[in-house]
Every structure is written in structure tokens, then in C-alpha cells.
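The values are calculated or read from the model by the stated rules, or taken from the named source; none is laboratory data. The structure displayed is predicted, hence computed values, not measured ones. Neighbour counts run over all protein chains shown; Cβ positions are idealised from the backbone, glycine included.
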Amino acid sequence: MRAIAEMLADVHLFALLDESERALLAERLDLVSARAGDILFNRGDPGDSLYVLRSGTVELSIKNDTGDKIVLEVASVGDFFGEMSLLDGGPRQATALVTESIEALVVDRGDLDELFRLRPATALEMLTAMGKRMRETARLLRHSATRNVNDTAEDKRTSVMKAADWISEFSGSIPFLLIHCVLFFIWIILNVKPLSRSAIGGFDPYPFGLLTMAVSLEAIILSVFVLLSQNRQVSRDRVRNDIEYEVNLKAELEIAHLHERVEALEASALSRLERIEKLVGAAMSARDPVIPRVGHG
């Protein structure tokens, strides 16, 4: 118990407690350890406790509807997680993966009640941390299906792919055509009369076999680079299609969510209208009571 009490002194959540309060709380807390690669809990597991890290790191993540992993937070020394399931009694909303061997304190509902009783100010601190976490989660989910296909493809290029893209792009340009026209013109002029008999000419007489071989080799090499670039374009199109699917799926989910909100608002409005009608009816009845008729004898 003394070791746990000493650990509490180094954890920010319990920093407001004095020694006697930490000793009292240490009697209630459990200490767990886990190695890198272990999973503390999965999304959907029942949750009845929160974890406060004494050492190591834990990655909290979820998977969206498209199967992509979204890292919500990487908890480190002094951080706590799992408090949402502890407070509302619902299942875990994320998966906790140990990325570096940890020692953690386990706080259940009874321990939390004792902590709030000893130091009510820790409740506000916990709510502040939860608010920051929810804001960050909302930001991540808001951009989870929004990616730039060009950035995604650029990040995966090797040096050969970059060279192939540059050569393919340059070989289809006007400067490339003009350079070859000038070279072919000079080559042919130097190998026909009268310059073919000069000291700088006549190295490739008609029908210009050396020029034909050089052009053929260039065409073979360029075709390989163009094919490499085209293969990359196919991969980029595949990524673009995946991103378009994710964007469409995200739009569909948002529309479904809007439908749910509209239906909830409609039900709430109808309920309020019904209550208003009852109140108006009761008020009208109280204002204009029915006068019973007196019979004539």
C-alpha cells in the first residue's frame, strides 16, 4: 500500500491529496502492469474502471465505418483514460493498446466516489480533461474521410518512381520535342554534303544507322519509364476511388444522422404541441366553464 501511495504523489490527478488522503485512497486502488502489445480493453467491452498511467504509454484508437484506424490519443505518464465508461456505465468506446510497458492504477466507481469526497476539485479537473478529449475526437472524426489523393500518392513514391514521373512528364513536353528536332537537324546536316567531308562531319553517313540505333534505344528506355509512370497513375486512380468512396460514405452517414436529428426534433415538437394543446384546452375550460341548464317546472 505504501508503494501505491508513493505512486499517487507523482500522478497529476491525485496531486491535490495530502499524505493521509493518499494513504487512505491507496488502500482501495489496484496496481496492474502490462507489456507492449497487450490490449487493456477493446471497443465494446464492459467498462467499470478508469486507468491512471504510472509509467509507459497506451494508444487509444477506433476504427471508422471504412475500416481505417483513427488514433484518438496516446496516453503517457500521469494521464488517465476509460473514465467515460466508468461514469455512464456503458461499454468501452475505444481500444486501448499498450505501446510501451506500463504500470497503471485502476480506479473503480467506489474509488472515484472516495476521491471526489476527499477532494471535490478533482471532479472539475476530470471534466476538463474529458472536454479536451472530446474536442480532439470530434476534430479527428470530422477529417477522418478527407484526404488529398495527390498527397497520399506522393508520400509513397520511391526515388525510381520520382525519376520515372519526371522523365515521363518531360518526354511529353514541347521543349523535349524542340530539343530533339534541333539535335536531329544538326546530326543530319553534319552527315550530308558538303559538311560530311569536313573534319567534324561524316561520322554517320546516310541512311544514318547510328542515329537510328540511338533513337531506338531512347524509345525503348522512355517506354519503360512511361509504363512505370502509368502504373503509378493506376495506383493513384485506385486511391482516388477509395477516397471518393470514403467521402460518399461519410456524406451518407451524416445525412442519416441529420435524418435522426430531424426525426427527434419532430417528435419533440409534436410532444410539446400536444402539451400546449392540453394546457390551452384546460385554460379555456377554466375561463369559460359550462353553465348547467336549469329545467322549467
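For this structure, a couple of remarks:
- Flag if PRO175 is surrounded by fewer than 13 Cβ atoms within 10 Å (Cβ to Cβ), closer than 30 Å to ALA96 by Cα and modelled with pLDDT of 75 or more: no
- Cβ separations smaller than 6 Å between residues 6+ apart or across chains give no pair from segment 76-100 residues that are without any contact (Cβ under 8 Å) to a residue 24 or more places away in the chain to residues that are surrounded by 19 or more Cβ atoms within 10 Å (Cβ to Cβ) and of a type in the set (Phe, Trp, Tyr).
- Scope segment 32-56; condition loosely packed, with under 12 Cβ neighbours inside 10 Å and basic (Lys, Arg); matching residues: ARG35
Residue-by-condition table, conditions (1) within 16 Å of GLY47 (Cα to Cα); (2) surrounded by 18 or more Cβ atoms within 10 Å (Cβ to Cβ); (3) modelled with pLDDT of 80 or more; (4) assigned by TED's automatic domain parsing to the domain that holds LEU8:
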| position | (1), (2), (3), (4) |
| --- | --- |
| LEU60 | yes, yes, yes, yes |
| ASN64 | no, no, no, yes |
| GLY67 | no, no, no, yes |
| ILE70 | no, no, no, yes |
| ALA75 | no, yes, yes, yes |
| PRO91 | yes, no, yes, yes |
| THR95 | yes, yes, yes, yes |
| VAL98 | no, yes, yes, yes |
| SER101 | no, no, yes, yes |
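- Filtering segment 48-78 to residues that are farther than 26 Å from LYS250 by Cβ and out of contact with any helix residue (DSSP H, G or I) (no Cβ under 8 Å at 6 or more places or on another chain) leaves TYR51, LEU53, SER55, GLY56, THR57, VAL58, ALA75, SER76, VAL77.
- Criterion applied to LEU227, LEU210, LEU183 was being modelled with pLDDT of 80 or more, assigned to a helix (DSSP H, G or I) and either over 53 Å from the mean Cα position of the chain (by Cα) or not assigned by TED's automatic domain parsing to the domain that holds ASP165 (or both), and the one residue passing it is LEU210.
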